[in-house]
Amino acid sequence: MVLDYFNFALSNLRRRGLRSWLTMLGIFIGIAAVVSLISLGEGLQAAIAEQFEQIGSDKIIIQPRGRLGPPGSETAAALTVGDLDVIEKVRGVESVSSFLMKTARIEFDDEVKFNFVVGLPSGDRRKLIDEAQFYKISRGRALEEGEKGKVVVGYNYGAGRVFERPVELRDTINIQGKDFKVVGILDRIGNPFDDASLLIDEEELRDTFKLGDEVSQILVKVSDEDELARVSEDIEKRLRKEKNEEEGKESFEVQTPEQLLGAISTVFSIVTAVLIGI
């Protein structure tokens, strides 16, 4: 009986050969597409996890709350240099650093774009940025401490993805009306904001935009990573008191890399579940 059913099915496949092959081809393509999308999502999640591991398990990130865009966007409530001084006094804090980011008018070969410019600090605060390995040089050299009139450009500039002509070492880029010579090109990070950003000296960025003492993001290194949660809570309490803000209504948020990675993993889990459902 089973053999009869098998022969009947086989004879139908032979009679409708084209339809059968097209049906199987559709099934194969559907399965391959879903598996590929899931694999891509898992690979991207692993890459993001690797980036957070490079930051280190002994770091705390402080940024404005309620920001609609990336650091440096106009919607962000400002942190200040004074906040760094407050954080340095918290027990368990080993070192503190910060980023200053702004959207600037970028001109190159008569083309104009608007992208992020990152101001790098000097001295001990620069060392913490280098330790976290946020940026890696692909060609040329890194920006020296306090160096004026020089810029390190993101990967997309050197790859020709921002302007029609790829930016090369020793080229001149005009940032917000000032000329800067390119001394380095960054390796690819994978984040479109980072790959299209430019690095200059922090004080020169402040002078260019006539800024006060605001900072866009604060990075904290703790002396004992086992105390990370306690130090994070103490920093939040100290800043809340300093800014005279109520709990739950802070203008800032204090997060560890694990917390940020957890939030991202949740999003990827939802996306993966939807793909599996499809």
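Please work out if E145 is more than 16 Å from the chain's Cα centre (by Cα), charged (D, E, K, R), under 30 Å from G82 (Cα atoms) and not in a loop (DSSP other than H, G, I, E, B). Quick ask: steps written out before the conclusion?
Values: more than 16 Å from the chain's Cα centre (by Cα): yes; charged (D, E, K, R): yes; under 30 Å from G82 (Cα atoms): yes; not in a loop (DSSP other than H, G, I, E, B): no.
No: the conditions fail for E145.
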Inset, instruction - Go through the range 173-198 and give me each residue that's within 16 Å of K113 (Cβ to Cβ) and in contact (Cβ under 8 Å) with a residue 40 or more places away in the chain. - result: I173, N174, I175, Q176, G177, V182, F193, D194, D195, A196, S197, L198
Inset, instruction - Tell me which residues, restricted to the range 113-136, are farther than 25 Å from S57 by Cβ and either charged (D, E, K, R) or modelled with pLDDT of 90 or more (or both). - result: K113, F114, N115, F116, V117, G119
Inset, instruction - Tell me which of these N174 doesn't satisfy, since it passes every other one: (1) part of a loop (DSSP other than H, G, I, E, B); (2) open to solvent by 10 Å² or more (accessible area, probe 1.4 Å). - result: (1)
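Going through V183, V222 one at a time, which residue ends up being open to solvent by less than 70 Å² (accessible area, probe 1.4 Å) and farther than 26 Å from L79 by Cα?
Numbers: V222 fails: farther than 26 Å from L79 by Cα.
After ruling out the rest, the residue left standing is V183.
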Inset, instruction - Output yes when any residue across the range 121-133 is closer than 24 Å to E214 by Cα, surrounded by 13 or more Cβ atoms within 10 Å (Cβ to Cβ) and of a type in the set (D, E), and no when none is. - result: yes
Inset, instruction - Residue by residue through the range 225-246, note down the ones that are open to solvent by 80 Å² or more (accessible area, probe 1.4 Å) and either outside any loop (DSSP other than H, G, I, E, B) or at negative phi (or both). - result: E225, D226, E233, K237, R238, K241, E242, E246
Legend entry - Single unsatisfied condition, I60 versus (1) modelled with pLDDT under 60; (2) among the hydrophobic types (A, V, I, L, M, F, W, C); (3) open to solvent by less than 30 Å² (accessible area, probe 1.4 Å): (1)
Inset, instruction - Only residues that are in a loop (DSSP other than H, G, I, E, B) and either of a type in the set (S, T, N, Q) or open to solvent by less than 30 Å² (accessible area, probe 1.4 Å) (or both): list them for the range 89-120, please. - result: V90, G92
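Determine whether the range 230-242 contains at least one residue that is without any contact (Cβ under 8 Å) to a residue 60 or more places away in the chain and closer than 18 Å to S98 by Cα. Outline the logic, then answer.
At the first step, the residues of the range 230-242 found to be without any contact (Cβ under 8 Å) to a residue 60 or more places away in the chain are 233, 236-237, 240-241.
From what's left, closer than 18 Å to S98 by Cα: 236.
Looking through the range 230-242, at least one residue is without any contact (Cβ under 8 Å) to a residue 60 or more places away in the chain and closer than 18 Å to S98 by Cα.
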Legend entry - Tally of residues being in a loop (DSSP other than H, G, I, E, B) and touching a helix residue (DSSP H, G or I) at 6+ places or on another chain (Cβ under 6 Å) across the range 121-142: 2
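The values are calculated or read from the model by the stated rules, or taken from the named source; none is laboratory data. This one's a predicted model, so the numbers in the text were calculated from it and none came from an experiment. Neighbour counts run over all protein chains shown; Cβ positions are idealised from the backbone, glycine included. Heads up: the accessible areas ignore ligands, DNA and RNA and are worked out on the full protein's heavy atoms, side chains in. Shrake-Rupley method; radii C 1.70, N 1.55, O 1.52, S 1.80 Å.
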